[in-house]
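The values are calculated or read from the model by the stated rules, or taken from the named source; none is laboratory data. In this text, all values refer to a predicted model and were calculated from it rather than measured experimentally. As a convention, Cβ positions derive from the backbone with ideal geometry for all residues, glycine included, and neighbour counts pool all protein chains shown.
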Amino acid sequence: MKSLGAILVQSGGHVYREMTKVFMFSAVSSLVLAPLLLFLPAGLALVLLPLLYAPLVAGVFHAMHRMLEGERVKLKDMLAGAVRYFIPSVLFGLLCSLFLIILVSTWWYYGRSNGMWGWALAIFQTYFVLMVFVSQLYTLPLIVQKQESFFRAVGRSVKMTVLRPGYSIGAAFQLVCVTIVLAATVVGFAVLYAGIAAIYANMVTRNVLADEEEEAAPADGRQAWGGTMG
């Protein structure tokens, strides 16, 4: 399995070579994101983000996956991916919104408490929600790479995280660092983030899937040898 450092370097190389596509796909997705965050109440934005923004992000993931496969992609490929994966991406967006609401409401309720138990529950709930987000690192890439249903992709993503906790947490941490850096620039987030996140998450997932295939190959070989001998 390639190290996260190697994946990060390779992702940066792809971003550099395909900067025009990264810029275009990210900017198009942000045409929906910006009005939702700037002009709507937070509660309404959390409801509309899964319906409007999540499918466009799925479209970016789809286009970047095809690009990593060596295909030439255009804006129409991103939009086709948004339509194709509309339902699973909306469900994924609703899942993320649900746990974000849980996190915010937890601190709103327990954060005002002066007692130690309130703060302890808030911290535990925060840890739980963060681990849920980490466990879903592979969900969208699995949907676009393996054509898996939403619920199957969620379950498989959790399994991949449990089997490789250090790798998954490290990959999520790197993605969070990129998110913070781009969010600090605002404009950089709008025109770069979706494309960069799609390339990185797709490459991390491909790396784990390749490792799973390598681990399965010797087992298949032993079974075939045993069947021949039998």
Go through segment 63-154 and tell me which helices (runs of 4 or more DSSP H), entirely inside it, have 3 or more residues that are loosely packed, with under 14 Cβ neighbours inside 10 Å. 75-84, 86-110, 116-135
Just checking, does segment 72-81 include any residue being modelled with pLDDT under 95, closer than 25 Å to Ser168 by Cα and of a type outside the set (S, T, N, Q)? no
Going through segment 158-167 in order, the residues found to be part of a helix (DSSP H, G or I) and either touching a His at 6+ places or on another chain (Cβ under 8 Å) or under 19 Å from Ser3 (Cα atoms) (or both) are Met160, Thr161, Val162, Leu163, Pro165, Gly166, Tyr167
Return the total of residues in segment 5-46 being under 18 Å from Ser89 (Cα atoms) and under 19 Å from the mean Cα position of the chain (by Cα). 8
Could you give me the residue pairs with C-beta distances under 8 Å whose first residue belongs to segment 139-159 and is over 17 Å from Gly93 (Cα atoms), whose second residue is assigned to a helix (DSSP H, G or I) and among the β-branched types (Val, Ile, Thr) wherever it lies, and which are 6+ apart or on separate chains? Gln145/Thr205
Of all residues in segment 80-137 being touching a residue at least 40 places away in the same chain (Cβ under 8 Å) and in contact with a Gly (Cβ under 9 Å, 6 or more places away or on another chain), which is nearest to Met24 (Cα to Cα)? Gly81
Where Tyr109 falls short, out of the listed (1) modelled with pLDDT of 90 or more; (2) out of contact with any helix residue (DSSP H, G or I) (no Cβ under 7 Å at 6 or more places or on another chain): (1)
